[in-house]
1. Looking at the range 42-63, which of its residues are under 27 Å from the mean Cα position of the chain (by Cα) and of a type outside the set (A, V, I, L, M)?
2. Does Lys120 qualify as being of a type outside the set (A, V, I, L, M, F, W, C), under 30 Å from Asp27 (Cα atoms) and either surrounded by 10 or more Cβ atoms within 10 Å (Cβ to Cβ) or in contact with a His (Cβ under 9 Å, 6 or more places away or on another chain) (or both)?
3. Tally time: how many residues in the range 1-54 are under 21 Å from Ile121 (Cα atoms), acidic (Asp, Glu) and surrounded by fewer than 18 Cβ atoms within 10 Å (Cβ to Cβ)?
4. Under 6 Å by Cβ, and 6 or more places apart or on different chains, what pairs join a residue from the range 81-106 that is farther than 19 Å from Val117 by Cβ with one that is at pLDDT below 80 and assigned to a loop (DSSP other than H, G, I, E, B)?
5. Test Gln40 against the criterion of being at pLDDT 85 or above, of a type in the set (S, T, N, Q) and farther than 22 Å from Glu10 by Cα, and give yes or no.
6. Is it true that Asn130 is part of a helix (DSSP H, G or I) and over 30 Å from Gln22 (Cα atoms)?
Amino acid sequence: MGKGIIISEEVITGKIYVIRGQKVMMDRDLAELYQVETKQLKRQVRRNIERFPADFMFELNKMELENWRSQFGTSNASDKMGLRYAPMVFTEQGVAMLSSVLNSPTAIRVNIQIIRVFTKIRKVLTDNLNLKLEIEQIKKKLSNQSKNIELVFEYLDELNSKLERPKKPRTKIGYKK
């Protein structure tokens, strides 16, 4: 990947998973992007563990690991996908913190790219939420308008039925001839 490391957004996005309701990246994927060994990345994290609270980084439990493997059709226990130990996964904040413990120029450049992708994802999700809210407001307005239109038609039907009824002759008031 060389000096001017450019990793496509698609590659980074493809390495972001949702685990425990959070968007995270796996230690091995990050190590690959940073061009370091996974064990080196984990070693640096463990040396600086105080920088990685649970909302920045956590290790997958057995069930999460099995679910993650099965999502990719690689549930072969003998393969273990090169995983001897439970993988560490990093949230957006954890990825940002990695730049302080992996202080190589490559790690810094890749980190900037990853953070930009996380930011774009957040923006898309926010835009999507705003769009859904606007659609709901439009639905409410349309619902109210359709109720008003129904009411207008009810009034028109009442008027029509009044017009169609035969009128009783009215008794005249005044002088009789």
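1. Arg51, Phe52, Pro53, Asp55, Phe56, Phe58, Glu59, Asn61, Lys62
2. Details: of a type outside the set (A, V, I, L, M, F, W, C): yes; under 30 Å from Asp27 (Cα atoms): yes; either surrounded by 10 or more Cβ atoms within 10 Å (Cβ to Cβ) or in contact with a His (Cβ under 9 Å, 6 or more places away or on another chain) (or both): yes.
Yes; evaluated as a whole, the condition is true for this residue.
3. 2
4. Here the result reads Met81/Thr74, each pair linking the range 81-106 to a residue that is at pLDDT below 80 and assigned to a loop (DSSP other than H, G, I, E, B).
5. Details: at pLDDT 85 or above: yes; of a type in the set (S, T, N, Q): yes; farther than 22 Å from Glu10 by Cα: yes.
Taking the combined requirement at face value, the residue satisfies it.
6. On the way: part of a helix (DSSP H, G or I): yes; over 30 Å from Gln22 (Cα atoms): no.
It is false that Asn130 is part of a helix (DSSP H, G or I) and over 30 Å from Gln22 (Cα atoms).
The values are calculated or read from the model by the stated rules, or taken from the named source; none is laboratory data. Quick caveat, the model's predicted, so the values are computed rather than measured. Methodologically, a virtual Cβ is constructed for each residue, glycine included, from the backbone with ideal geometry; neighbour enumeration extends over all protein chains shown.
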